[in-house]
1. Can you confirm whether residue 209 is touching a strand residue (DSSP E or B) at 6+ places or on another chain (Cβ under 9 Å) and farther than 29 Å from residue 123 by Cα?
2. Spot the failing condition for residue 244; the list is (1) within 15 Å of residue 5 (Cβ to Cβ); (2) part of a strand (DSSP E or B), and only one is missed.
3. I'd like the residue in the range 82-92 that is outside any loop (DSSP other than H, G, I, E, B) and of a type outside the set (Val, Ile, Thr) and, out of all such residues, is nearest to residue 63 (Cα to Cα).
4. Identify all residues within the range 165-197 that are in contact with a Phe, Trp or Tyr (Cβ under 8 Å, 6 or more places away or on another chain) and either free of Cβ contacts under 8 Å to residues at least 12 places away in the same chain or outside any strand (DSSP E or B) (or both); write none if there are none.
5. May I ask you to say which residue of 203, 188, 180 is in contact with a Pro (Cβ under 8 Å, 6 or more places away or on another chain), surrounded by 23 or more Cβ atoms within 10 Å (Cβ to Cβ) and modelled with pLDDT of 95 or more?
6. Got a sec? Which of 215, 238 is at pLDDT 95 or above, surrounded by 17 or more Cβ atoms within 10 Å (Cβ to Cβ), charged (D, E, K, R) and under 16 Å from the mean Cα position of the chain (by Cα)?
7. I'm trying to understand the selection: among the residues of the range 68-92, which are surrounded by 13 or more Cβ atoms within 10 Å (Cβ to Cβ) and of a type in the set (A, V, I, L, M, F, W, C)?
Amino acid sequence: MGLGMEVIVAQSTAVGINLVPISALSGHSLTIKGTNDASATHLLGLWTSAQASGIVRVLSPRLHDARECIRIPSIANNPVNLIDPSIMQTLVPQDALQISLSGSVGAGDIEQVILLVYYANLEGIQGNYITYQQFRERFLALTAVENNITLGSAGGFSGSESIAADFDVLRGNQEYAILGAVSNINLGCVRYISTDLGNIGPGFPSIALAPDLSRGFFLELARMTGLACIPVFNSANRSSLQIDALGNENGGAPRISTQMALLKSK
């Protein structure tokens, strides 16, 4: 199967107090990728990175309706998953989602909506992911690897560096599971990209004062859904495993500690 997870970001500036459509970030698309199985693509996450409270809305006539569909309050500086992942809302291949947001009226304020999409059978992709049960059977030891990155001020993802750039402490030629991360500032999304993950990037939000929501994000996602949601990479590829984060016009220099688990051999 072509397993993969990716975050899809829509971004705008000073969206205002009324709901307005916002567009996908450069390099992203609000059209769901085509798959070999129409029932194997799921929406597991929806959250915002916003500087003022407002409303986020996801529309599609191929979901519930094309009028309001998924409409949820968005709280300022509170990037938390707004939907229950265990629902596993099915997404239709090639469906073009419509994302709208209301929020900040401040000039230059960058606002973002983030979707986390799970693909169970995506042609051309073969990410290495395991289930919660597989994790329990293979777990050996916990470690946490720190990255200190610098975000740009144009929004989008920035600060990309190797997971081993600051602390190269992983054991050689071993498999590690990425469980989640903790950061010292709020981040709209922490993302990981690697050939081991199919070169599409899974990610999650991180709130500095609520580390319990992000430290085991993928682990909890797998436990709640029963899906293979825990990314796994071989430490031999650590130099090519990239970590970056979603920022706004304020930039920042987050310290991100990725929590990982050393796994037993299969």
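The values are calculated or read from the model by the stated rules, or taken from the named source; none is laboratory data. These figures come from a predicted structure and were not determined experimentally. Every residue, glycine among them, receives a Cβ derived from its backbone with ideal geometry; neighbour counts consider all protein chains shown.
1. On the way: touching a strand residue (DSSP E or B) at 6+ places or on another chain (Cβ under 9 Å): no; farther than 29 Å from residue 123 by Cα: yes.
Criteria not met by residue 209.
2. Of (1) within 15 Å of residue 5 (Cβ to Cβ); (2) part of a strand (DSSP E or B), only one is false for residue 244: (1).
3. Going through the qualifying residues, I end up with 89.
4. 170, 194, 196, 197
5. Answer to the selection: 188.
6. Numbers: 238 fails: under 16 Å from the mean Cα position of the chain (by Cα).
Step by step, each of 215, 238 is checked, and only 215 is at pLDDT 95 or above, surrounded by 17 or more Cβ atoms within 10 Å (Cβ to Cβ), charged (D, E, K, R) and under 16 Å from the mean Cα position of the chain (by Cα).
7. Once the filter is applied, which keeps residues that are surrounded by 13 or more Cβ atoms within 10 Å (Cβ to Cβ) and of a type in the set (A, V, I, L, M, F, W, C), the range 68-92 yields 69, 70, 72, 75, 76, 80, 82, 83, 88, 91, 92.
For every residue, the table says whether it meets (1) under 21 Å from residue 12 (Cβ atoms); (2) out of contact with any Cys (no Cβ under 7 Å at 6 or more places or on another chain); (3) in contact (Cβ under 8 Å) with a residue 24 or more places away in the chain.
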position	(1), (2), (3)
33	no, yes, yes
47	yes, yes, yes
52	yes, yes, yes
65	no, yes, no
71	yes, yes, no
74	yes, yes, yes
100	yes, yes, yes
103	yes, yes, yes
